[in-house]
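Peer 1: Dropping a structure here in structure tokens format, bear with me for questions.
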Amino acid sequence: MKRKIYDTMKQWKAEGGKSALLIDGARRVGKSYISEEFGRREYKSYILIDFNRAGSDIRELFDRHLNDLDTFFLYLSSLFNVRLHDRESLIIFDEVQMFPRARAAIKYLVADGRYDYIETGSLMSIRKNVQDIVIPSEERHVKMFPMDFEEFLWALGQDQLMPIIARCFEKQAAPDESFHRKAMDFFRQYMIVGGMPQAVAAFADEKDFSAVDRIKRDILALYRADIAKHAAGCEAKVRSLFDDIPAQLQKHEKKFQLASLKKEARFREYEDALFWLDDAMITNNCYRCTEPSIGLKLNMERLALKCYMADTGLLISHAFDENAIVSEELYRKLLFDKLEINKGMLVENIVAQMLAASGHKLYFYSNSSRDDAASRMEVDFLIAKRSITSRHNISPIEVKSGKGYALSSIRKFIARYAAMLHTAYVIHSQNFRVEKGIVYLPLYMTPCL
């Protein structure tokens, strides 16, 4: 399936071996597939070394022969029965976190200059995966997310939908109602199927929600197995956090409350576990920001955060797990917006997912003052505009899942911080409009931000 990261990979290749490309992403997000597809299409030959399966003969090459790269490549070519061509072959280190020695070797392999190198992996910053090695400066690090809305549309053969959406956004014009309904129908499909490539492929081929759900549950089982295997020293805490995500997002106040896990729990105790989930790209963590000034990270509070699932399709299978498989009927009620649940959980999660895929770090604003009602407000997301100026750089975003809603928080926020703000957005299920200084965006326009 077509993925946007492929263009990034082609740009990297055009630079001619100046660095290795490190693709970091959650398990089953498509890293191995896109790397192998890139090797097949763009090079005369390629070798994929899967360090999750590599035997001692492969690993010993890195221990014995890095000082003699002619011998190293001779053995490598022989082991895989692949002829390597100078500047026309690609070597892929798949699941490189399983063998940090190979990642450390990138420094010497890139300097040698004969071939190109792609590394794929997850948990790239976890302590045990970087201890005892020097992280090579010859890496270009890119993150790979679940399929975004446009990639989902491509998989369903709807190539022309997103260009029309983008054009309406640029012109600040509402599409006609029939187009709006069609776009919202596809958006709901995206929200409940999610962006994991296997799930999307099953939906595109069969339109069978039960088959989609089985795939998503297999992925969730894989995540739980990874937690048990790789979250050394904090397995129980990571598992507790992971299992509690749907319940936390279901609350009106979505900041993560550790007291639901353990009485008198402190963030300091769970900080490594939260980092583990974020580094594994299983979650998108959104941190509280105390002021909407440029450099949002400077005003970030690490101990106040929301913990979104990185894929909303997985969140649905994670949340509705009373039965082994979420029923077809439940999916259809979600599709037709007929399920009596707090849809705000799903809608806010999918907006977080789309903002993260567009390159935004996630921040929110919250002030829970008991003494000053005018200061008491919460804004779901804050994003910086692309070109920074001396004023008006930050856009506040409110996400609304229903048709009737209040906007007291964002109005108070605009009144208080007008000099710092760019465009205020409300993201909702209705059509585009501009009213009283606020831009109302349909959900499917979120990737345009």
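Peer 1: Here are the criteria: (1) at pLDDT 90 or above; (2) of a type in the set (Gly, Ala, Ser); (3) surrounded by fewer than 16 Cβ atoms within 10 Å (Cβ to Cβ). Tell me which single one Ala247 does not satisfy.
Peer 2: (1)
Peer 1: Give the residues of the range 201-244 that are surrounded by 14 or more Cβ atoms within 10 Å (Cβ to Cβ), farther than 23 Å from Asn349 by Cβ and charged (D, E, K, R), sorted by residue number.
Peer 2: If the condition is that a residue be surrounded by 14 or more Cβ atoms within 10 Å (Cβ to Cβ), farther than 23 Å from Asn349 by Cβ and charged (D, E, K, R), then Glu235 is the only one that fits.
Peer 1: Of all the helices (runs of 4 or more DSSP H) wholly in the range 302-365, which have at least 1 residues that are modelled with pLDDT of 90 or more, surrounded by 16 or more Cβ atoms within 10 Å (Cβ to Cβ) and touching a Ser or Thr at 6+ places or on another chain (Cβ under 6 Å)?
Peer 2: Numbers: elements: 312-319, 328-335, 343-357.
Qualifying helices (runs of 4 or more DSSP H): 343-357.
Peer 1: Please list, ordered by residue number, the strands (runs of 3 or more DSSP E) wholly in the range 393-436 having 2 or more residues that are in contact with a Pro (Cβ under 9 Å, 6 or more places away or on another chain) and either of a type outside the set (D, E, K, R) or surrounded by 17 or more Cβ atoms within 10 Å (Cβ to Cβ) (or both). Don't jump to the end; show me each part of the working.
Peer 2: On the way: elements: 394-399, 424-428, 433-435.
Counting at least 2 such residues, we get 394-399, 424-428.
Peer 1: For the range 377-391, name all the residues that are modelled with pLDDT under 85 and not hydroxyl-bearing (Ser, Thr, Tyr). Break it down stepwise before answering.
Peer 2: Looking only at the range 377-391, we keep the residues that are modelled with pLDDT under 85, and these are 386-391.
Passing the criteria: Arg386, Ile388, Arg391.
Peer 1: Restricting attention to the range 415-424, which residues are farther than 21 Å from Ser387 by Cβ and aliphatic (A, V, I, L, M)?
Peer 2: Correct list: Ala415 only.
Peer 1: Also, quick follow-up: Specify which of the listed residues (Arg101, Arg64, Arg83) is among the charged types (D, E, K, R), in the same structural domain as Ser122 (by TED's automatic domain parsing) and within 23 Å of Met9 (Cα to Cα). Talk me through it step by step, then tell me what you get.
Peer 2: Numbers: Arg101 fails: within 23 Å of Met9 (Cα to Cα); Arg64 fails: within 23 Å of Met9 (Cα to Cα).
It is Arg83.
Peer 1: Moving on to the next point. Does Pro442 qualify as being touching a Leu at 6+ places or on another chain (Cβ under 7 Å) and either surrounded by 17 or more Cβ atoms within 10 Å (Cβ to Cβ) or not polar (S, T, N, Q) (or both)?
Peer 2: Values: touching a Leu at 6+ places or on another chain (Cβ under 7 Å): no; either surrounded by 17 or more Cβ atoms within 10 Å (Cβ to Cβ) or not polar (S, T, N, Q) (or both): yes.
Taking the combined requirement at face value, the residue does not satisfy it.
Peer 1: Starting from the range 263-279, keep only residues that are part of a helix (DSSP H, G or I), then list their pairs with residues that are among the basic types (Lys, Arg) and at pLDDT 80 or above whose Cβ atoms are within a distance under 6 Å, requiring at least 6 positions of separation or different chains.
Peer 2: Within 6 Å, the pairs are Tyr270/Lys237; Ala273/Lys237.
The values are calculated or read from the model by the stated rules, or taken from the named source; none is laboratory data. In this text the structure is predicted, and so the values were computed from the model without any measurement. Every residue, glycine among them, receives a Cβ derived from its backbone with ideal geometry; neighbour counts consider all protein chains shown.
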